[in-house]
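A.B. asks: Encoded as structure tokens, here's the structure I'll be asking about.
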Amino acid sequence: EFLALVGANGCGKTTLLKHMLRLLKPSSGKVFLNGRELGLFRDDEVFRRVGMVFQDPNDQLFATTVEQDVAFGVTNLGLSREEVFRRSADALEFTGMSELAGKAIHTLSFGQKRRAAIAGVISMEPEMILLDEPTSGLDPRGVSTIMRLLRRLNQEKKITMIMATHDIELVPLFCDRVAIMRQGRIIRHGTPVEIFADNDMVRDAELRLPRVAHLAEILQKRDGLHFARTPLTIGQARRELRAAFQRSGVPEEPDILPTARMRGDMYES
């Protein structure tokens with residue numbers, strides 16, 4: 001699955017992720033991985049199964065070049081030189097960093113550093129990747145590149161993704177499930193449709209609806225426009241609006257809802 005972990009600042013998202021990687025030890029309660037208490041695993045067993053991409057890639061990258069950094073973790077697994085090379089090369093290719101393999105880390109853009117950090121994690125071939133605000137500090141194209149990369153990892157390599165994020169718009173586009181945190185506790189989890197249908201609960205958690213869902217809410221309350229289901233993305237809204245217009249007897253016109261689709265625009269889904 002691709003799970004979004006959302007909540008207000010200070011609710012405990014990053015703290016929870018660090019507990020899941022055993023960077024922090026719980027003062028009470030237990031963390032389980034595949035049905036086994038996390039504290040019973042050796043460190044190398046944890047790091048083989050779980051990887052983490054930190055919010056600031058500068059906190060994660062430390063080698064001189066990209067290829068050295070990507071190979072560092074997998075080298076410490078005790079694998080053969082050939083296997084280390086294979087994993088590193090595969091990770092660089094998957095993240096689109098092969099041509100930058102010999103580049104010094106300090107010469108990379110912020111987005112390239114983020115991809116280098118992801119490459120270092122996937123070279124370990126984990127079962128799960130924890131992501132702390134992976135799109136922070138990126139422009140729209142960078143956000144799209146990172147999110148499409150993460151979704152490919154999830155779908156093609158079958159890696160579970162748990163992403164702490166404040167970008168609510170990304171959740172219905174890329175995530176299968178959502179967990180809402182408040183004051184250190186998960187208060188609700190479900191699909192994006194289930195979660196964002198409960199407007200009051202979302203706002204009580206000091207969050208907001210996706211912009212499209214908020215617009216649909218306004219259209220229903222103020223303009224009496226009924227939607228069969230609350231749209232969460234632009235594509236869903238377009239379909240729901242066409243259906244609503246048809247029910248209202250508004251004639252179908254080719255330009256009634258012009259589509260200003262940008263090349264590679266992820267928000268159309």
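A.B. asks: When you look at Leu79, is it assigned to a loop (DSSP other than H, G, I, E, B) and free of Cβ contacts under 8 Å to residues at least 12 places away in the same chain, yes or no?
C.D. replies: Considered against the rule, which asks whether it is assigned to a loop (DSSP other than H, G, I, E, B) and free of Cβ contacts under 8 Å to residues at least 12 places away in the same chain, Leu79 comes out as yes.
A.B. asks: Out of Arg188, Arg182, report the one residue that is modelled with pLDDT of 90 or more, of a type in the set (Lys, Arg) and in contact with a Cys (Cβ under 8 Å, 6 or more places away or on another chain).
C.D. replies: Of Arg188, Arg182, the one residue that is modelled with pLDDT of 90 or more, of a type in the set (Lys, Arg) and in contact with a Cys (Cβ under 8 Å, 6 or more places away or on another chain) is Arg182.
A.B. asks: Could you please find all residues in region 205-232 being surrounded by fewer than 14 Cβ atoms within 10 Å (Cβ to Cβ), in a loop (DSSP other than H, G, I, E, B) and among the aliphatic types (A, V, I, L, M)?
C.D. replies: Of everything in region 205-232, just one residue is surrounded by fewer than 14 Cβ atoms within 10 Å (Cβ to Cβ), in a loop (DSSP other than H, G, I, E, B) and among the aliphatic types (A, V, I, L, M), namely Ala228.
A.B. asks: Still on this structure, I have one more. For region 84-198, please list each of the helices (runs of 4 or more DSSP H) lying entirely inside it that holds at least 3 residues being assigned by TED's automatic domain parsing to the domain that holds Asp59 and farther than 18 Å from Leu232 by Cβ.
C.D. replies: 110-122, 140-156
A.B. asks: Also: Among (1) outside any helix (DSSP H, G or I); (2) within 20 Å of the chain's Cα centre (by Cα), where does Gly29 come up short?
C.D. replies: (2)
A.B. asks: Any residue that is in the same structural domain as Thr14 (by TED's automatic domain parsing) and touching a Pro at 6+ places or on another chain (Cβ under 9 Å) - is there at least one of those in region 55-68? Give the steps one after another, and end with the answer.
C.D. replies: Step one: list which residues in region 55-68 are in the same structural domain as Thr14 (by TED's automatic domain parsing), which gives 55-68.
Next, only the ones that are touching a Pro at 6+ places or on another chain (Cβ under 9 Å) stay: 55.
Yes, some residue in region 55-68 is in the same structural domain as Thr14 (by TED's automatic domain parsing) and touching a Pro at 6+ places or on another chain (Cβ under 9 Å).
A.B. asks: Taking the stated definitions as given, is Phe174 in contact (Cβ under 8 Å) with a residue 40 or more places away in the chain and either over 26 Å from Leu33 (Cα atoms) or of a type outside the set (Ser, Thr, Tyr) (or both)? Give the derivation first.
C.D. replies: Working: in contact (Cβ under 8 Å) with a residue 40 or more places away in the chain: yes; either over 26 Å from Leu33 (Cα atoms) or of a type outside the set (Ser, Thr, Tyr) (or both): yes.
Spelling it out, Phe174 is indeed in contact (Cβ under 8 Å) with a residue 40 or more places away in the chain and either over 26 Å from Leu33 (Cα atoms) or of a type outside the set (Ser, Thr, Tyr) (or both).
A.B. asks: Output the residue which, of all residues in region 1-48 that are in contact (Cβ under 8 Å) with a residue 40 or more places away in the chain and of a type in the set (Val, Ile, Thr), is nearest to Glu194 (Cα to Cα).
C.D. replies: Here the residue is Val6.
Here's the yes/no breakdown for (1) in contact with a helix residue (DSSP H, G or I) (Cβ under 7 Å, 6 or more places away or on another chain); (2) under 25 Å from Asn154 (Cβ atoms):
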position	(1), (2)
Leu17	no, yes
Gly29	no, no
Leu33	yes, yes
Gln68	no, no
Glu83	no, yes
Arg86	no, yes
Gly96	yes, yes
Glu99	no, yes
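The values are calculated or read from the model by the stated rules, or taken from the named source; none is laboratory data. Just so we're clear, the structure is a prediction, and the values are computed from it rather than from any experiment. When we count neighbours, we look across all protein chains shown, and the Cβ atoms used for this are built from the backbone with ideal geometry, even at glycine.
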